[in-house]
Amino acid sequence: MTKLWGGRFKKPFDDDAARFSYSIQSDKVLYPYDIAVNTAHALALMGAGILTAEEHSKITNALAKIKFEMDQCIDEMIQGDEDIHSCVERLLILELGDLGKKIHTGKSRNDQVITDTRMFVKDRCCTILDLLDALLKALYTQAAANIDRIFPGFTHFQTAQPVLLAHHFLAYFEQFERDLGRFRQAYKSADLCPLGSGALAGNNYGLNRELIARELNFSGVTRNSMDAVADRDFLIEFLSASALCMTHLSRLSEELVLWSSPLIDFVTIGDEFTTGSSIMPQKKNPDIAELIRGKSGRVLGNLTGMLATIKALPLTYNRDLQEDKVFLFDSAATVTDSLRCMAKMIPTLTFNPAPIAAALEKGYILATDFADYLVKRGVPFRESHEITGQVVLYAETHGRPLESLSLDEFRQFSTVISDDVYAVLTLEASVNAKDVPGGTAKRQVLNQMQHIKERFQW
Ligand code: ARG
């Protein structure tokens with residue numbers, strides 16, 4: 001095993017302690033960032049007169065070669081290294097001999113690892129923002145395709161009021177649009193370069209931090225070296241954005257699981273995103289939706305785990321912080337994969353008119369509109385609510401829908417009722433009566449869709 005330290009020790013590091021503490025198997029994914037960080041650092045070392053131009057070019061060429069080889073097969077390059085930083089440095093020394101031993105001048109793994117991690121977070125935010133964009137487009141497309149489809153809206157998972165299915169899709173649109181904002185913020189928070197902070201106090205070589213930041217495509221440098229190596233806020237913001245995004249994905253998945261059950265049967269999920277059973281030939285299971293729902297639990301756990309890990313740490317770097325990447329990599333991969341699947345699954349949904357129509361007939365979904373009708377004829381709402389309850393009970397007792405009652409039957413409950421009540425007791429009238437901003441009236445939903453087009457410049 002090769003280590004970056006050892007001079008002050010008499011006995012070798014215990015094998016189990018080594019296995020316990022080495023992070024290479026998880027942090028190897030940082031190698032492209034670590035090479036870039038070393039490359040930018042070499043430039044700053046040349047600027048500070050630590051490396052000659054010739055030495056600098058030898059080092060950058062060697063780093064490019066190592067990167068190329070790692071691209072082929074990173075696992076073959078790892079040989080008992082503690083972490084990715086030790087691995088890259090060992091390979092550089094293997095390549096260049098004594099010259100390679102100069103690369104760690106004026107830097108610490110403490111500022112290096114967090115620079116790598118910030119770059120990783122920025123890249124993943126970009127990928128996630130693209131996937132969110134694809135998901136938003138898919139939801140918008142379903143909304144557009146279902147602008148005339150009336151759907152049962154639920155509260156307490158009991159039939160409540162009719163809504164446009166488009167409105168339902170756009171409710172998810174709102175959630176994922178907010179996620180977009182949160183991942184943009186996580187990107188911004190990650191976008192400051194800590195390199196040059198050294199172990200905790202800064203460096204003794206006057207390294208040009210602005211130059212390093214520019215080379216690594218950061219928009220600025222961190223302001224306090226102690227905070228720079230101890231801070232994981234940007235990472236927690238990323239984990240938090242991931243947790244909330246997974247929560248939204250999970251709620252949507254839950255609806256797809258319910259809606260696609262033969263008991264409800266509102267929707268059919270495309271074959272591409274369902275699975276069969278090894279024993280029951282008739283089954284078509286919504287496994288992908290279930291897995292998104294299931295995996296969201298782990299992503300929520302990662303946020304809690306990270307907060308618990310950091311909460312009692314004194315300044316500055318503590319080895320506990322190595323655990324941050326376990327949470328980070330898992331959440332990044334899970335949210336990315338989940339978004340990708342959801343964005344592809346949404347376009348495969350087809351809606352089944354008969355079960356939807358049957359559900360709309362059940363549950364006296366127009367009762368509130370009936371109560372509103374009485375209010376418009378001067379009955380105070382609390383009273384109209386009571387009357388409507390009695391009408392619903394009467395209809396239910398006779399096993400009939402509201403709109404099938406005769407005028408005489410209605411007038412037993414209130415004499416303000418006249419013939420025009422039947423025009424109110426239709427699904428279309430109910431939906432279009434919700435003509436307020438944010439309401440489900442077709443005019444309002446179309447208006448929201450227009451705003452979306454403008455906001456996103458689609
Ligand atoms: N593998 C370590 C981590 O991920 C790198 C930093 C190690 N620093 C140290 N002082 N041992 O946190």
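Please treat every number below as a calculation from the coordinates, not as lab data. Bear in mind that the values here come from a model prediction, so they are computed numbers and not experimental data. A quick note on method: Cβ atoms are made from the backbone with ideal geometry, for glycine too, and the neighbour counts reach across all protein chains shown.
Can you give me the three principal axis dimensions of region 7-57 from its C-alpha atoms, in Å, biggest first?
Ordered largest first, region 7-57 gives principal extents of 43, 31, 14 Å.
On a 0 to 90° scale, report how tilted helix 233-260 is relative to the longest principal axis of the chain, with both axes built from alpha carbons and the result rounded to the nearest 10.
Value to nearest ten degrees: 40.
Once you order the gyration tensor axes a ≥ b ≥ c over the Cα atoms, which shape class does region 297-340 get: rounded for a/c under 1.5, otherwise prolate or oblate by comparing a/b with b/c? Numbers along the way, then the final one.
On the way: a/c = 4.07, a/b = 2.29, b/c = 1.78.
Since a/c reaches 1.5 and a/b is larger than b/c, the shape of region 297-340 is classed as prolate.
Please give the calculated 222 nm ellipticity per residue for the chain, where each DSSP H segment of at least 4 residues contributes -39500 (n - 2.57) and the sum is spread over every residue; nearest 500 deg cm²/dmol? Mind showing how you got there, number by number?
On the way: 19 runs with 282 residues, N = 458.
Helix contribution divided over all residues of the chain: -20000 deg cm²/dmol.
Take the Cα pairs of region 328-458, get the Kirkwood Rh, then feed it into Stokes-Einstein at 25 °C and 0.890 mPa s and tell me D in µm²/s. List each step's numbers first, then the result.
On the way: Rh = 18.2 Å.
Answer from the Stokes-Einstein relation: 135 µm²/s.
On the Cα set of region 85-224, report Rg and Dmax in Å, please.
Using the Cα atoms of region 85-224, the pair Rg, Dmax is 24.3, 76 Å.
Taking only the Cα atoms of region 44-86, how large is their convex hull per residue, in Å³? Write down the numbers at each step before the final one.
Working: hull volume 3.6 nm³, N = 43.
Roughly 84 Å³ of hull volume per residue.
Give me, ordered by chain and number, the residues 5 or more places off A160 or on other chains with an amide H under 5 Å from its own placed amide H.
Counting only residues 5 or more places away or on other chains, the set is G153, F154, T155.
Region 159-215 to region 399-455: how many Å between their Cα centroids?
43 Å
Go through 405-414, 158-167 and give me the packing order, highest mean Cβ count within 10 Å leading.
Working: 405-414: 14.7, 158-167: 20.6.
Packing order, densest peptide first, comes out as 158-167, 405-414.
To two decimal places, what compactness ratio does region 409-458 give when its Cα radius of gyration is scaled by 2.2 N^0.38 Å? Don't jump to the answer; show the numbers that get you there.
Details: Rg = 16.9 Å, N = 50, 2.2 N^0.38 = 9.7 Å.
That ratio works out to 1.74.
Rounded if a/c is under 1.5, else prolate if a/b is larger than b/c, else oblate: which is region 322-363, with a ≥ b ≥ c the root eigenvalues of its Cα gyration tensor?
Taking the square roots of the gyration eigenvalues as a ≥ b ≥ c, region 322-363 is oblate.
Can you work out the FRET efficiency for the pair Q390 and T350, with r the C-beta to C-beta distance and R0 = 41 Å, to the nearest 0.05?
Numbers: r = 40 Å, r/R0 = 0.99.
For R0 = 41 Å, the calculated efficiency reads 0.50.
I'd like the Kirkwood hydrodynamic radius of the chain, using the inverse of the mean 1/r over distinct C-alpha pairs, in Å.
On the way: mean 1/r = 0.0378 Å⁻¹.
When all Cα pairs of the chain are included, the Kirkwood radius is 26.4 Å.
Could you give the alpha-carbon Rg of region 1-90 over 2.2 N^0.38 Å, rounded to two decimals? Walk me through the intermediate numbers first.
Working: Rg = 14.9 Å, N = 90, 2.2 N^0.38 = 12.2 Å.
Rounded to two decimals, the normalised Rg is 1.22.
What nm distance separates the two modelled labels at A357 and I74, each placed 7 Å from Cα along Cα→Cβ?
Taking the simple label geometry, A357 and I74 are separated by 5.6 nm.
Go through region 1-34 and name the trypsin sites (Lys or Arg not before Pro) that are in a DSSP coil and have 10 or fewer other Cβ atoms within 10 Å of their Cβ. Don't skip to the end; give the middle numbers.
Values: sites: K3, R8, K10, R19, K28; in loops: K3, R8, K10.
Of the trypsin sites (Lys or Arg not before Pro), the ones in loops of region 1-34 whose Cβ has at most 10 other Cβ atoms within 10 Å are R8, K10.
Which order do peptides 348-360, 140-152 fall in by mean Cβ count within 10 Å, highest first? Please report the intermediate quantities before stating the final value.
Values: 348-360: 14.5, 140-152: 17.9.
Ranking, from highest mean packing down: 140-152, 348-360.
Looking at this model, which pairs from K284/K344; K122/K325; K284/K442 are more than 23 angstrom apart at the alpha-carbon? Can you show the working numbers first?
Values: K284/K344 18 Å; K122/K325 14 Å; K284/K442 34 Å.
In this structure, K284/K442 lie more than 23 Å apart at Cα.
Say R0 is 22 Å: what FRET efficiency, to the nearest 0.05, do E428 and Q175 get from their beta-carbon distance? Before the final figure, lay out the partial values.
Values: r = 27 Å, r/R0 = 1.24.
Rounded to the nearest 0.05, the efficiency is 0.20.
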